[in-house]
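What follows is a single structure, written as structure tokens, with notes after it.
The values are calculated or read from the model by the stated rules, or taken from the named source; none is laboratory data. Since we're looking at a predicted model, the values are computed, not measured. With ideal geometry, Cβ positions are generated from the backbone for all residues, glycine too; neighbour counts draw on all protein chains shown.
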Amino acid sequence: MRNNNGKKSQKIKKQQKAAEVEEKSSKKQQYKPPKVKTGTAEEKMMQSKFRFLNEQLYTQSSVENGGAVKMFMSEPKQFEDYHDGYRQQV
């Protein structure tokens with residue numbers, strides 16, 4: 001009977017050890033989503049406006065309808081917004 005108890009004890013210890021190893025490995029493998037920098041709604045709108053203005057600058061011909069010069073002359077605030085957005089991107 002002594003041998004039988006010894007074997008049971010060893011078996012229980014092995015099972016406990018295996019459970020501990022499994023628990024540690026599962027903790028290591030838990031998915032952690034990447035931390036995303038979330039800006040305020042105002043910052044997001046500013047970034048969006050910059051992208052829009054930047055696209056306008058790169059898709060309009062400077063000769064065609066006055067291009068960027070006319071766009072910025074007609075609305076000087078857009079000129080400021082574009083450069084503010086550019087600084088934020090850099």
Worksheet item: So which of TYR31, TYR82 is aromatic (Phe, Trp, Tyr) and modelled with pLDDT under 70?
Response: TYR31
Worksheet entry | Pairs where the first residue, in the range 77-90, is more than 16 Å from GLY39 (Cα to Cα) and the second is at pLDDT below 90 and among the aromatic types (Phe, Trp, Tyr), C-beta under 9 Å, 6+ apart | GLN78/PHE72; PHE79/PHE72; TYR82/PHE72
Item to complete: Quick one: LYS70 ticks every box in (1) within 36 Å of the chain's Cα centre (by Cα); (2) surrounded by 12 or more Cβ atoms within 10 Å (Cβ to Cβ); (3) modelled with pLDDT under 85 except a single one, so which number is it?
Response: (1)
Fill in: Every pair of residues 6+ apart whose Cβ atoms lie under 8 Å, when the first sits in the range 40-63 and is touching a residue at least 40 places away in the same chain (Cβ under 8 Å) while the second is assigned to a helix (DSSP H, G or I) and not small (Gly, Ala, Ser)
GLU43/GLN88; MET46/ASP81; MET46/ASP84; MET46/GLN88; GLN47/GLN88; GLN47/GLN89
Worksheet item: Is it fair to say LYS49 is of a type outside the set (Gly, Ala, Ser) and either modelled with pLDDT of 90 or more or in contact with a Pro (Cβ under 9 Å, 6 or more places away or on another chain) (or both)?
Response: yes
